[in-house]
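Below is one structure; the comments refer to it alone.
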Amino acid sequence: MAPSHHSPARSRLRMHPEVAEALAAGAPVVALESTIISHGLPRPDNLVIARQIEQAVRGSGAVPATIAVVDGFVCVGLDDDQLAVVATSDAVAKVSVRDLGTVVARGGHGATTVAATSHVAALAGITVFATGGLGGVHRGARDSWDESADLTTLGTVPVTVVCAGVKSILDVAATLERMETLNIGLLGYRTDRFPGFYLTDSGFGLEWRVDSPDEVAAVMAARTALGLRSALLVANPLPSHDALDAELHDWALTTGMAASVEAGITGKDVTPFLLDWFHRNTRGASLAANIAIILNNASLAGAIAVAAARSVPSVPSVPSVPSVPGT
Ligand code: PSU
Ligand code: MN
């Protein structure tokens, strides 16, 4: 139970023994976020789904590490009681990177977003992470300035994130441009099209395609060897037979955005509001798609972690990257 690290920053981390052992042995581990459990999926299904996500990672031969703040400790790997707190307690805040310190200092509970989960995963030494869809630039961002901290964080955290693209409620074109600016690596998994979360294809193409977990592991090893500190996204599309009907999707989005304006929803509440709108207004279709997305991504992330753990880096790693003169 005792954390294997003793630096002050890490004393707020509680590593689950199974996760700590796997990391110490160089065995494959996959980080999982918790906001999708607390704020992205309806109760009571969310607790059942949270367990299924962990099972999907195990099914691929890796150890799941769901990340959340419980009683002021940043837990890396949750036991079933902790998972139940995240899924059912009303005292669980949606925690992005900027909220982490406050929730920890107050001894509270928090469910970590993609941004916060990535930060903690990297701190714990976990290199592969699975989620559903990333946050990004919201439609109307030119006026609202609403851009998820997922993007800026992934620009500086060296983690490989398996996702079904970005949430389809976003301005996908603007989000792709921001990813390029932020040096976020982007690979299509068995596709040349950027996935659209609930939809198989967002309507945008991709520059780089990979077809196996080994190929992803090779890119990861090369990035590490080159001292790159930004995230690598592996965009894994939902098979078209699991995708939401495009017309139903567009109808739910149009009505949901109007309802969010009507209700005065802003800031961090926008994404949970829209996801909930979809779940309540598509007769379960968006929920089924969301579950398929996260389970697919968890199992692919497990396979990538397995490939990364057994791959001997083919590129010799440099001990440190020389800094640019004058900085
Ligand atoms: N993907 C899902 N469901 C979710 C989310 C992602 O399938 O609930 C969450 C993630 O935690 C992501 C967050 O980081 O939504 C983005 O919120 P915002 O747009 O407020 O940054
Ligand atoms: Mn936002």
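The values are calculated or read from the model by the stated rules, or taken from the named source; none is laboratory data. Quick caveat, the model's predicted, so the values are computed rather than measured. Virtual Cβ from ideal backbone geometry, glycine too; neighbours counted across all protein chains shown. Side chains are part of the model used for accessible areas, which takes the heavy atoms of the whole protein and leaves out ligands, DNA and RNA. Shrake-Rupley method; radii C 1.70, N 1.55, O 1.52, S 1.80 Å.
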Next item on the list: Kindly indicate the residue of the stretch 271-290 that is within 16 Å of ligand 2 (Cβ to nearest atom) and open to solvent by less than 20 Å² (accessible area, probe 1.4 Å) and also farthest from the chain's Cα centre (by Cα) among those meeting that condition.
Entry: LEU274
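Among the residues that make up the stretch 56-69, is at least one of them farther than 21 Å from VAL216 by Cα and open to solvent by 10 Å² or more (accessible area, probe 1.4 Å)? Give the derivation first.
To start, the set of residues in the stretch 56-69 that are farther than 21 Å from VAL216 by Cα comprises 66-69.
From what's left, open to solvent by 10 Å² or more (accessible area, probe 1.4 Å): none.
No, because not a single residue in the stretch 56-69 is farther than 21 Å from VAL216 by Cα and open to solvent by 10 Å² or more (accessible area, probe 1.4 Å).
Within the stretch 233-250, does at least one residue satisfy the condition of being within 16 Å of ligand 2 (Cβ to nearest atom) and either open to solvent by 50 Å² or more (accessible area, probe 1.4 Å) or not hydrophobic (A, V, I, L, M, F, W, C) (or both)?
Of the residues in the stretch 233-250, the ones within 16 Å of ligand 2 (Cβ to nearest atom) are none.
Taking every residue of the stretch 233-250 in turn, none turns out to be within 16 Å of ligand 2 (Cβ to nearest atom) and either open to solvent by 50 Å² or more (accessible area, probe 1.4 Å) or not hydrophobic (A, V, I, L, M, F, W, C) (or both).
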Checklist line | the stretch 146-163 - residue that is farther than 15 Å from LYS268 by Cβ and touching a Lys or Arg at 6+ places or on another chain (Cβ under 7 Å) and, of those, nearest to ligand 1 (Cβ to nearest atom) | finding: THR156
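Quick one: which helices (runs of 4 or more DSSP H) lie wholly within the stretch 117-192 and hold at least 3 residues that are at pLDDT 95 or above and more than 17 Å from ASN296 (Cα to Cα)?
Numbers: elements: 141-144, 149-154, 172-181.
The qualifying helices (runs of 4 or more DSSP H) are 149-154, 172-181.
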Next item on the list: Read through the list (1) more than 16 Å from ligand 2 (Cβ to nearest atom); (2) open to solvent by 20 Å² or more (accessible area, probe 1.4 Å); (3) modelled with pLDDT of 95 or more; (4) not charged (D, E, K, R), then give the number of the only condition that ILE293 fails.
Entry: (2)
Notebook entry, point to check: So which of ILE49, ILE37, ILE53 is within 15 Å of VAL162 (Cβ to Cβ) and either open to solvent by less than 20 Å² (accessible area, probe 1.4 Å) or aromatic (Phe, Trp, Tyr) (or both)?
Noted result: ILE53
Check: Which of (1) within 25 Å of VAL97 (Cβ to Cβ); (2) at pLDDT below 95 does ALA231 not meet, given it meets every other one?
Finding: (2)
Notebook entry, point to check: Quick one: is ARG193 touching an Asp or Glu at 6+ places or on another chain (Cβ under 8 Å), within 16 Å of ligand 2 (Cβ to nearest atom) and in contact (Cβ under 8 Å) with a residue 24 or more places away in the chain?
Noted result: no
Notebook entry, point to check: Looking only at the stretch 169-211, which residues are more than 24 Å from ALA308 (Cα to Cα), surrounded by fewer than 23 Cβ atoms within 10 Å (Cβ to Cβ) and not hydrophobic (A, V, I, L, M, F, W, C)?
Noted result: ASP171, GLU177, ARG178, GLU180, THR181, ARG193, THR200, ASP201, GLY203, GLY205
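One line per residue, one yes/no per condition, for (1) within 16 Å of ligand 2 (Cβ to nearest atom); (2) closer than 18 Å to SER38 by Cβ; (3) small (Gly, Ala, Ser); (4) open to solvent by less than 20 Å² (accessible area, probe 1.4 Å):
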{"site": "THR88", "(1), (2), (3), (4)": "no, yes, no, no"}
{"site": "SER96", "(1), (2), (3), (4)": "yes, yes, yes, no"}
{"site": "ILE126", "(1), (2), (3), (4)": "no, no, no, yes"}
{"site": "GLY136", "(1), (2), (3), (4)": "yes, no, yes, yes"}
{"site": "THR152", "(1), (2), (3), (4)": "yes, no, no, no"}
